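Accompanying notes for the structure given below.
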Amino acid sequence: MRQVAIIGAAQIPVGEHWEQGLRDLASDAIERLRDEVGSMLVDQAEAIYIGNTYGASISSQAQLGALIAGSLLGGVEAFTIEAGEASGAAALRMGYLAVASGAVESALVMGVEKSTDMIGTARTRARAVTLDADYESVHGLTLTASAALLMRRYMYEFNADLGAFENFSINAHLNGSTNPNAMFRNKIKPGAFAKAPMVADPVSLFDSAPDGDGAAVLLLISAERAGDWVAQPVQIAASAAATDTLALQDRADPLHLRAVQVSFERALAQAGVERDQIDLFELHDAFTILAALTLEAAGFAERGQGWTLARDHAIARTGSLPISTFGGLKARGNPVGAAGIYQAVEAVMQLQGRAGENQVEGARVAAIQSLGGLGSTAVTHILTAS
Amino acid sequence: MEPRRQVEIQSERIASAGVGEIYSYTVVQEAPEGFEDQAPYIIALVKLDEGALISAQLTDIDANAVRIGQRVEMVTRKLTTEGKRGVIVYGYKFRPLLKGD
């Protein structure tokens, strides 16, 4: 296997892009990539792997490969990778494998999602496709309700109160406030968290990330050639994926995210780095409870103690383990099947020292992790500066 | 590396008396299509006495009265109707345990 590097990373703002469809969002992201690295490199890519979750259920559109590459990229090999909300990260892994194996010289990896064109109960039903249809959604369970089940049990077992989670959202919104691509740039005042409306008790509006439309794209090439094209290629030092049971009810301990642990430890071993060498961690903060449980399963906190990293501001940009450095899913917005690519774009910006006000000083090693469902799929990458 | 093991997909295999206690619960405010008439409704993870967890709605109980650890029993109920002329989906829900424990 060859080493693989990222030599281009582009995104469009996450938001409610009423006037744009999947094709338009993808086109805008590719245009931005052309502006960044030049059209020649984009057009040389031999394949494009596309992360998307709701194409079929919300956009009534499958076959995104042809939709996007057929018109915009001269008909190169292209298809969708679907792994629930981790689809973008799974597409990155597929691109990594394709380039690492030598099957292609360079590949584009895109995440694109258009989720705001459907509203109300139809959208809630469409969003439930990533749950277990036979044992969860048949009972009217939703992803948010599933997160609530975990959060209430967590609060019960570990004597945590609602306030234990507020700093995850305060931190995300503080970081999002200086990100021009963020869906929300408002800061959350201390105390406001406790008054937020409930979505599924105890998950409130301030615990759950807002779905938004978006598209982001990466250009991957073999590491040995990367230096020919850009001054600061970013290395993909590790790529690892793992799965857990689809339904929460089938887990021996629902408060332990096994796939998070397995994929994270595998990534650490592959990259040959220790936890204390990680300068930032873009984790899957679709719900504050997922942030807490991820920090525990990834080995940064003891069981039941993940929330204390938020309380102690260790997760801040200046802390020992910055997370959600551009706002995370919570404030940058959650473009679902594209979220994993946004994480990668943001990590690339951090490692290249072009994160502006959001810069984590001296960032050399970044971990990114995207989850399908509540950790049914976990895809972890470790990126390093050249 | 630890050996791979097959996870028992419990709900397909277990024999249960249908009695257990609430492991966790929530109230769904934003219901999916097919459940809008029931919202807000309570969903729980129930830990059956035989050990398995199972997801289901709670019925015949007020949301304010639900507690983790509460004893519940399985009952057959209509879950949803697939559209105005669609099939009625029956399944299980849980209600507070009526008979003595």
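No value in this document is a laboratory result; all are computed from the given coordinates. Remember, predicted model here, so these are calculated numbers, not experimental data. Counting neighbours? That spans all protein chains shown, and the Cβs are built from the backbone with ideal geometry, glycine included.
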(message) With +1 on the Cβ of every Lys and Arg and -1 on the Cβ of every Asp and Glu, and nothing else charged, how large is the dipole of region A:44-115 about its Cα centre, in debye rounded to the nearest 20?
(response) 100 debye
(message) Give the average, rounded to an integer, of partner chain Cβ atoms located within 10 angstrom of each Cβ in A:116-127.
(response) 3
(request) Return A:MET40, A:MET151 ranked ascending by Cβ neighbour count within 10 Å, so the fewest neighbours appear first. (result) A:MET40, A:MET151
(request) Counting only DSSP beta bridges with both residues in chain A, tell me the antiparallel percent, nearest 5. (result) 70 percent
(request) Could you list, in their original order, any pairs among B:LYS47/B:LYS93; A:LYS330/B:LYS93; A:LYS195/A:LYS330; A:LYS114/B:LYS84 whose Cα atoms are separated by more than 24 Å? (result) A:LYS330/B:LYS93; A:LYS114/B:LYS84
(request) Would you calculate the separation in nanometres between label points at B:ALA15 and A:SER320, each defined as 7 Å from the Cα along the Cα-to-beta-carbon direction? (result) 5.2 nm
(request) Counting only GluC sites (Glu not before Pro) that are in a DSSP loop and have at most 13 other C-beta atoms within 10 Å, tell me the longest site-free stretch of chain A. (result) A:20-273
(request) Taking 7 Å along the Cα-to-C-beta vector as the label spot, tell me the A:GLU77-A:GLU105 distance in nanometres, rounded to one decimal. (result) 1.5 nm
(message) Against the empirical 2.2 N^0.38 Å scaling, what ratio does the C-alpha Rg of region B:19-96 come to?
(response) 1.11
(message) With unit charges on the beta carbons (Lys and Arg positive, Asp and Glu negative) and the dipole taken about the Cα centre of the protein assembly as shown, which residue among A:GLN44, A:TYR135, B:SER24 sits farthest to the positive side?
(response) B:SER24
(message) I'm a student and want to see the number: the projected area of the Cα convex hull of chain A, averaged over all directions, in nm².
(response) 16.7 nm²
(message) Take A:ALA62 and A:ALA194, extend 7 Å from each Cα along the Cα→Cβ direction, and tell me the distance between the two endpoints in nm.
(response) 5.0 nm
(message) Run the paramagnetic zone check for A:GLU224: 7 angstrom along Cα to Cβ, then residues of region A:1-24 with backbone nitrogen under 14 Å.
(response) A:1-5
(message) Based on alpha-carbon centroids, what's the gap between region A:46-71 and region B:25-85 in Å, whole number please?
(response) 36 Å
(request) With only Lys, Arg, Asp and Glu charged, each at its Cβ (+1 for the first two, -1 for the last two), find how big the charge dipole of chain A is about the Cα centre; round to the nearest 20 debye. (result) 440 debye
(message) Tell me the mean residue ellipticity at 222 nm calculated for chain A from its helices only (DSSP H runs of n ≥ 4, each -39500 (n - 2.57), averaged over every residue, nearest 500).
(response) -10500 deg cm²/dmol
(request) May I ask you to evaluate 6.51 cos²θ - 1.76 cosθ + 1.60, the Karplus curve with θ = phi - 60°, for each residue of region A:161-177 and list the ³J(HN,Hα) values in order in whole Hz, giving x for glycine and proline? (result) 9, 4, x, 4, 9, 5, 5, 4, 6, 5, 5, 4, 6, 4, 5, x, 5
(request) Multiply the residue gap between A:THR178 and A:ARG303 by 0.36 nm, knock off their C-alpha separation, and tell me the result in nm, one decimal place. (result) 41.8 nm
